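**Q** First the structure, then my questions, so here it is.
The values are calculated or read from the model by the stated rules, or taken from the named source; none is laboratory data. Since the model is a prediction, treat every value here as computed from it, not as a measurement. Cβ coordinates were reconstructed from backbone atoms using ideal geometry, including for glycine residues, and neighbour counts include every protein chain displayed.
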Amino acid sequence: MRKYSVLTALFPQVRQGVLAATLGQPDKWWYLSELAGRLGTSPSSLQRELSSLVASGILVHRREGTRAYFKAQTQSPVFRDLQQLFEKTAGLGPILEQVLKPFGNKIQSAFIYGSVARSREHAMSDVDVMVIGRAGLADLSPALRKAEVRLGREVNVTAYSSEEFREKIKSGDHFLAAVLRARKQFVKGGQSDLDELVGK
Amino acid sequence: MRALIARDLADASLAGLSADRRFATAYNAALQAANMAIACAGYRIVSKVGHHRVSLESTKLVLGKPAQKYADYFETCRRKRNTIDYTFSNVATDTEAKEILAQARQFYVEVEDWITKNHPALKM
């Protein structure tokens, strides 16, 4: 039996793309052709979806001269629910999980930290990701480029070998201590894997 | 340019330097190796905003497909190096500083091989 993702079962492809982009960066006003470029389609093919999403109150739009801009209606009663659905299925976490998966055991732990993990990001916030293991930036860069295109924002990785990570923790490295205390969103492994790595 | 690259590769190996400084110095060696290949192909990247990015992108045109992985990697490093030089300290890890030095050395070897093959009059 052919398997469909949750989103494919719920929404047609173009609507998925529009919602993933707008709900993923809810403060950003998207210019029509910018949104079309992100989705790899023509502006005209987005018109109908955008009109119905605006009419239903899921998106808002404004005009500047001849240009039309769209963004998520964050006051909508279903905004947070929809955003959570997309975060779980097509958001940052799932996309990063997907691009890091091929590295298998080369990555012992990976997580998003900083403003995005604390849900304090603004539209243009970079995504900070810590990767611990044997996968270096050279291994990760091609996969990260793909993730950046899909997410529409920069992904900055800090890579540690397991040995360096442990040593830095032991020596009380301020940066790592602050990162470990703050909120994290795991994309490989979980808190128990990280605790094990640290030797707790 | 060869002397400059040799200097930066040597300096980026100095254990007494911070990981940030080793990282940024090895990055500079890689950037100059990219510029050397571009110069051998008869071009020069004008020093304007974004010229590092243009140099790294152009290596794909000059060296062809084998340069793709380096271009992607050094583009990631370019952003980290900008943060190191202009915004924060303690940005690069030791793991990253060692890796970029190894990658810059390898990239430089590939550039010299390409010059030997394609521009023998300019070979070392």
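**Q** Give the number of residues within segment B:74-83 that are within 8 Å of chain A (Cβ to nearest Cβ), surrounded by 21 or more Cβ atoms within 10 Å (Cβ to Cβ) and out of contact with any strand residue (DSSP E or B) (no Cβ under 9 Å at 6 or more places or on another chain).
**A** Residues that pass the stated criteria total 1.
**Q** If a residue counts only when it is more than 13 Å from every other protein chain (Cβ to nearest Cβ) and of a type in the set (A, V, I, L, M, F, W, C), which helices (runs of 4 or more DSSP H) contained entirely in segment A:85-200 have at least 3 such residues?
**A** It comes to A:92-100, A:191-198.
**Q** Just for segment B:84-124: of the residues that are part of a helix (DSSP H, G or I) and at the interface with another protein chain (Cβ under 8 Å from one of its Cβ atoms), which one is surrounded by the fewest Cβ atoms within 10 Å (Cβ to Cβ)?
**A** Result: B:Asp94.
**Q** Here are some residues: B:Asn35, B:Asn28. Which one is outside any loop (DSSP other than H, G, I, E, B), of a type in the set (S, T, N, Q) and within 14 Å of B:Trp114 (Cα to Cα)?
**A** That would be B:Asn35, the only listed residue that is outside any loop (DSSP other than H, G, I, E, B), of a type in the set (S, T, N, Q) and within 14 Å of B:Trp114 (Cα to Cα).
**Q** What about B:Ala71, is it within 14 Å of another protein chain (Cβ to nearest Cβ) and within 18 Å of A:Ala138 (Cβ to Cβ)?
**A** Values: within 14 Å of another protein chain (Cβ to nearest Cβ): yes; within 18 Å of A:Ala138 (Cβ to Cβ): yes.
Against the criterion (within 14 Å of another protein chain (Cβ to nearest Cβ) and within 18 Å of A:Ala138 (Cβ to Cβ)), B:Ala71 qualifies.
**Q** Working only within segment B:5-27, note down all residues that are of a type in the set (A, V, I, L, M, F, W, C), surrounded by 15 or more Cβ atoms within 10 Å (Cβ to Cβ) and either farther than 19 Å from B:Tyr73 by Cβ or modelled with pLDDT under 95 (or both).
**A** B:Leu17
**Q** Still on this structure: Given the residues A:Val129, A:Val116, A:Val54, which is the only one that is touching a strand residue (DSSP E or B) at 6+ places or on another chain (Cβ under 7 Å), more than 19 Å from A:Tyr160 (Cα to Cα) and in contact (Cβ under 8 Å) with a residue 24 or more places away in the chain?
**A** Values: A:Val129 fails: more than 19 Å from A:Tyr160 (Cα to Cα); A:Val54 fails: in contact (Cβ under 8 Å) with a residue 24 or more places away in the chain.
Going through A:Val129, A:Val116, A:Val54 in turn, just one is touching a strand residue (DSSP E or B) at 6+ places or on another chain (Cβ under 7 Å), more than 19 Å from A:Tyr160 (Cα to Cα) and in contact (Cβ under 8 Å) with a residue 24 or more places away in the chain: A:Val116.
**Q** Which members of segment A:147-159 meet the condition of being modelled with pLDDT of 90 or more and touching a Gly at 6+ places or on another chain (Cβ under 8 Å)?
**A** Of everything in segment A:147-159, just one residue is modelled with pLDDT of 90 or more and touching a Gly at 6+ places or on another chain (Cβ under 8 Å), namely A:Ala159.
**Q** Which one of these does B:Ala71 not meet: (1) of a type in the set (Gly, Ala, Ser); (2) at pLDDT 90 or above; (3) surrounded by fewer than 16 Cβ atoms within 10 Å (Cβ to Cβ)?
**A** (3)
**Q** Consider B:Ser58 carefully, then state whether it is closer than 30 Å to A:Ile169 by Cβ, of a type in the set (Ser, Thr, Tyr) and within 15 Å of the chain's Cα centre (by Cα).
**A** no
**Q** Would you say B:Leu31 is away from chain A (no Cβ under 12 Å), under 25 Å from A:Val149 (Cβ atoms) and modelled with pLDDT of 95 or more?
**A** yes
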